[in-house]
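One structure is given below, encoded as structure tokens.
The values are calculated or read from the model by the stated rules, or taken from the named source; none is laboratory data. Since the model is a prediction, treat every value here as computed from it, not as a measurement. Backbone-built Cβ (ideal geometry, glycine too); neighbour counts: all protein chains shown.
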Amino acid sequence: MATIKDIAKKLGISVSSVSKGLSGASDVSEDTRQLILNTALEMGYVSRRSKTDTNARKVCIFVENMGYERIEQFGYEIIVGFRLAATEKQWDVDIVPIAMDRHFDYDYEEYMTKNNYSAGFLLGFSLHNDFLKQLARTSIPTVLLDNVVYNRYVACVGIDNQQGIVCSVEHLAKLGHTAIAMMNGEMHSRVSQERLQGFKLGMSKCNLPIRKELIAHGDYTASCAAPHIQGFIDNGATAIVCASDLIAHGVLAELYRLGIRVPESVSVIGFDDIPLARYTTPPLTTIKQNRLTIGKSVCMAMEQIMEGNAISRLLLMPELVVRESTGPVKLR
């Protein structure tokens with residue numbers, strides 16, 4: 001199987017660059033990192049720390065409402081991380097996109113058994129989805145991204161959403177902001193609920209008032225922000241915490257349209273640290289999710305379930321990445 005040296009030789013770049021690309025280091029360009037990751041998968045790269053597993057398995061990744069084919073899309077590095085870890089275990093991986101609707105026409109357990117899958121990984125599913133409801137009774141080892149189902153055969157892997165937003169609020173509070181708004185995602189989303197809880201906890205920890213007129217919900221797209229920003233400004237907000245980088249991108253665009261300078265008049269902070277965050281104007285302060293590590297952790301959790309060990313939730317620590325979209329509060 002391929003090594004880091006083999007990948008470096010094929011691409012004509014240094015071994016250190018390949019190593020950084022495989023670990024998700026920020027000083028490797030997005031194009032180079034995608035090339036490294038794609039090549040690693042094509043060549044069957046296995047790290048030196050991998051163990052030989054003669055019990056080859058077939059597993060399935062189901063994806064709904066999440067981009068994953070290009071590195072700028074949220075799901076790309078999660079799936080690559082999973083596939084790299086699965087390759088080390090000699091697992092075969094299939095990816096099955098699911099249509100964006102609330103009805104799943106066939107039984108999950110029957111589908112998995114019929115197609116000889118040992119386990120499943122689900123990304124992007126909403127809490128109300130019929131697919132998730134079936135998982136409460138499944139005996140197929142399954143891992144969910146962010147969503148939680150209480151079943152010994154089902155685990156949740158994700159970032160600590162609550163702590164990530166607490167870090168955002170604390171960062172803004174240290175800069176002197178007291179009137180902090182939150183532009184959240186869908187109300188029914190578990191991720192949105194946890195990030196709202198984090199906002200309230202962070203405001204409480206910093207002894208700041210939580211004002212309902214400074215909290216709004218959208219749909220995790222850039223376009224959802226525009227209707228709410230003028231209201232935030234009218235109610236005195238000097239900073240806006242966003243539940244995703246895409247939402248933050250929409251906030252920045254609307255503030256620009258209104259002639260409001262960032263961060264001189266209003267600070268903005270996102271969540272996820274997708275590649276877009278580095279290239280907004282100004283570059284976006286955000287909460288980083290190491291999506292390669294999330295994918296590898298999903299593989300680890302899946303293996304544990306298959307070995308009979310029940311896992312409820314595996315949460316990774318978020319990281320605050322400070323860029324130019326946040327600054328000291330402007331005295332009025």
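So here's what we get for this one:
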quantity	calculated
Number of the exception - Q163 against (1) over 19 Å from Q289 (Cβ atoms); (2) within 20 Å of the chain's Cα centre (by Cα)	(1)
Enumeration of residues in the range 185-198 that are of a type in the set (S, T, N, Q), without any contact (Cβ under 8 Å) to a residue 60 or more places away in the chain and within 11 Å of Y220 (Cβ to Cβ)	S192
Q163 out of contact with any strand residue (DSSP E or B) (no Cβ under 6 Å at 6 or more places or on another chain), surrounded by fewer than 21 Cβ atoms within 10 Å (Cβ to Cβ), closer than 26 Å to K296 by Cβ and at pLDDT 95 or above	yes
Every residue from the range 208-244 that is under 19 Å from E194 (Cβ atoms), surrounded by 22 or more Cβ atoms within 10 Å (Cβ to Cβ) and in contact with a Pro (Cβ under 9 Å, 6 or more places away or on another chain)	G218
Any hit, the range 286-293, residues being more than 16 Å from G24 (Cα to Cα) and in contact with a Cys (Cβ under 9 Å, 6 or more places away or on another chain)	yes
Matching entry among E69, E64 (being within 27 Å of I98 (Cα to Cα), assigned by TED's automatic domain parsing to the domain that holds E88, at pLDDT 75 or above and touching a Leu at 6+ places or on another chain (Cβ under 9 Å))	E64
Which numbered condition N116 misses (of (1) closer than 30 Å to E186 by Cβ; (2) modelled with pLDDT of 90 or more)	(1)
Qualifying residues in the range 294-332 (those that are surrounded by fewer than 16 Cβ atoms within 10 Å (Cβ to Cβ), over 19 Å from F82 (Cα atoms) and among the basic types (K, R)) - the one modelled with the lowest pLDDT	R332
Among the candidates I294, I260, I287, I311, residue that is among the β-branched types (V, I, T) and part of a helix (DSSP H, G or I)	I294
Residue satisfying condition, being closer than 22 Å to S23 by Cα, basic (K, R) and in contact with a strand residue (DSSP E or B) (Cβ under 6 Å, 6 or more places away or on another chain), within set K288, K296	K288
Qualifying residue in the range 96-113 (condition: buried (at least 20 other Cβ atoms within 10 Å of the Cβ), at pLDDT 95 or above and not hydroxyl-bearing (S, T, Y))	no
The listed residue being outside the structural domain of V149 (by TED's automatic domain parsing), aliphatic (A, V, I, L, M), touching a His at 6+ places or on another chain (Cβ under 9 Å) and modelled with pLDDT of 95 or more, out of L258, L252, L196	L196
All positions within the range 6-58 that are crowded, with 16+ Cβ neighbours inside 10 Å, modelled with pLDDT of 75 or more and in a loop (DSSP other than H, G, I, E, B)	I13, R57
Verdict on M203 being part of a strand (DSSP E or B) and out of contact with any Ser or Thr (no Cβ under 6 Å at 6 or more places or on another chain)	no
Residue within the range 176-184 that is in contact with a Cys (Cβ under 6 Å, 6 or more places away or on another chain), without any contact (Cβ under 8 Å) to a residue 24 or more places away in the chain and of a type outside the set (D, E) present	no
Selection status of E254, closer than 21 Å to R195 by Cβ and surrounded by fewer than 24 Cβ atoms within 10 Å (Cβ to Cβ)	yes
